[in-house]
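What follows is a short report on a single structure.
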Number of protein chains: 2
Amino acid sequence: MQSRSPAAARPGRPRSAAADAAILAATREALVELGWSKLTLGDVATRAGVAKTTLYRRWSGKNELVVDAVAELFDELCLPDRGSLAADIEGVVLQFAAILARPEARSGLMAVVTEATRDDALRARIRASIVDRQKGLVLEGRSRAQQRGELPPEADPEESARTVDLIFDMVAGAVVHRTLVSGRPADEEWVRGFTHILLRGLTAPS
Amino acid sequence: MQSRSPAAARPGRPRSAAADAAILAATREALVELGWSKLTLGDVATRAGVAKTTLYRRWSGKNELVVDAVAELFDELCLPDRGSLAADIEGVVLQFAAILARPEARSGLMAVVTEATRDDALRARIRASIVDRQKGLVLEGRSRAQQRGELPPEADPEESARTVDLIFDMVAGAVVHRTLVSGRPADEEWVRGFTHILLRGLTAPS
DNA sequence: ACGCTTTCGCTACGAGTCGTAGCGTAATGC
DNA sequence: GCATTACGCTACGACTCGTAGCGAAAGCGT
């Protein structure tokens, strides 16, 4: 029960880390050029310079591969301290919008979310590698705002968790809908208006 | 230049309206059982009791067919007058959430939006048959609220249009994200919390 | 009743993708 | 050297795609 680490020193030839990187990069490239529906694993393998069988040895299918390829795009997401809650929100929303403006994120992210409606394992994979990271930003931003005194400290932890979930759905949902459904850019002007409404909704006296 | 109506009295055998209904119903049924990716036009044709060629004569492909099939789900969407802006919003959001709770809407709607990221004609079709109808509800609700005095009348029409777009992205985006990404139901409790924040953001003094 | 026109159901087809199996070779640890 | 695993390559059956061709059916005008 000891060696269960993922990269345990197993005997035999190790998997090429370069191949992993090449495959994920090729997947994003194919997403840009072909989109989700016309992306084939054979094509990705050719672009990456690996055999198709190598691809199937590491990923069980198109869904899992694209999740990993898209997840790397969210690595750059962080929460810079801009001094006020409003500025922090605007900053992170603009970062999120910049990622969603990239074509590989647009087609890839939406597609895997679609597939996840019928695949619980895939949904868990998305949550672990993408969604939870975003939610962490919401938690961090609220913690900062409470330290600044911009938000009251939470009393009920359960109520607090519900509020975080709600804020997260509102932020991510609005940006995604603006970018992908309305088809218009989430630029600074839009983000300012959105932040304005959200912030007043959170802080105004009832 | 006279007879340009879509169903002009053309000579020859008319298209079967019953076949249209059967095909769209079969498409929704297949969406429930198979989901988007495993749905094939041949299977839909078999379920509907029509030939595959008939399907291709009326729709150019899977995307357009599913848009029409899903669009019918939104026919029931309306804005009941509940007496206050808060109640109106809660009512229509709950209706929207009820539609998104159906599996054929979950997999179908998200899938066509995904495909629309690379297909402008498809995006226009979605906007015409689904999105614009929802946006109309936002306009109607705001108009009512202004008559009641719950919202101030708009001065700048351009600013007004921007606000409507923003509200629409926030409402639809939050419900979609809650339902499809977070994977939790947009039940009454959640809708109350959401409406509370949105409404305070819209009406609280700055 | 008769043609004209369009739709419909059916069959068949080449093209493309899928996911897997088999084989020989390359890379690592003992 | 030897065991073990990863890799590249080829080939395969099964499936879906979108289209073409055909004869039959259903309307409309004369």
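The values are calculated or read from the model by the stated rules, or taken from the named source; none is laboratory data. Nothing here was measured: the structure is a model prediction, and the numbers come from that model. Here Cβ is always computed from backbone atoms with ideal geometry, including for glycine, and neighbour counts include all displayed protein chains. Heavy atoms of the whole protein, side chains included, go into the accessibility calculation; ligands, DNA and RNA do not. Shrake-Rupley method; radii C 1.70, N 1.55, O 1.52, S 1.80 Å.
Scanning the range A:75-101 for residues that are closer than 16 Å to A:G141 by Cβ and among the charged types (D, E, K, R) returns A:D81, A:R82, A:D88, A:E90.
Scanning the range A:117-129 for residues that are without any contact (Cβ under 8 Å) to a residue 40 or more places away in the chain and assigned to a helix (DSSP H, G or I) yields A:D120, A:A121, A:R123, A:A124, A:R127, A:A128.
Checked against (1) buried (at least 20 other Cβ atoms within 10 Å of the Cβ); (2) facing chain B (nearest Cβ under 7 Å); (3) of a type in the set (A, V, I, L, M, F, W, C), A:A204 passes all but condition (1).
Selection of the range B:34-53 for residues being loosely packed, with under 14 Cβ neighbours inside 10 Å and either outside any helix (DSSP H, G or I) or more than 13 Å from DNA strand C (Cβ to nearest atom) (or both) yields B:K38, B:T40, B:G49, B:A51. Residues that are within 12 Å of DNA strand D (Cβ to nearest atom) and either within 11 Å of another protein chain (Cβ to nearest Cβ) or of a type in the set (A, V, I, L, M, F, W, C) (or both) within the range A:27-43 comprise A:S37, A:K38, A:L41, listed in sequence order.
Among the residues of the range A:80-87, some residue qualifies, meaning at least one is out of contact with any strand residue (DSSP E or B) (no Cβ under 8 Å at 6 or more places or on another chain), more than 11 Å from chain B (Cβ to nearest Cβ), buried (at least 17 other Cβ atoms within 10 Å of the Cβ) and over 17 Å from A:E33 (Cα atoms).
None of A:A69, A:A86, A:A97 is aliphatic (A, V, I, L, M) and touching a His at 6+ places or on another chain (Cβ under 9 Å) except A:A86. Which one is farthest from the other protein chains (Cβ to nearest Cβ) among residues in the range A:178-198 that are assigned to a helix (DSSP H, G or I) and modelled with pLDDT under 95? The extreme case among them is A:T179. Of the residues making up the range B:112-133, those that are open to solvent by less than 50 Å² (accessible area, probe 1.4 Å), facing another protein chain (nearest Cβ under 9 Å) and over 13 Å from the mean Cα position of the chain (by Cα) number 5. Scanning the range A:143-200 for residues being open to solvent by less than 80 Å² (accessible area, probe 1.4 Å) and closer than 21 Å to B:V113 by Cβ gives a total of 20. Applying the set (1) in a helix (DSSP H, G or I); (2) over 16 Å from the mean Cα position of the chain (by Cα) to B:D169 leaves exactly one unmet item: (2).
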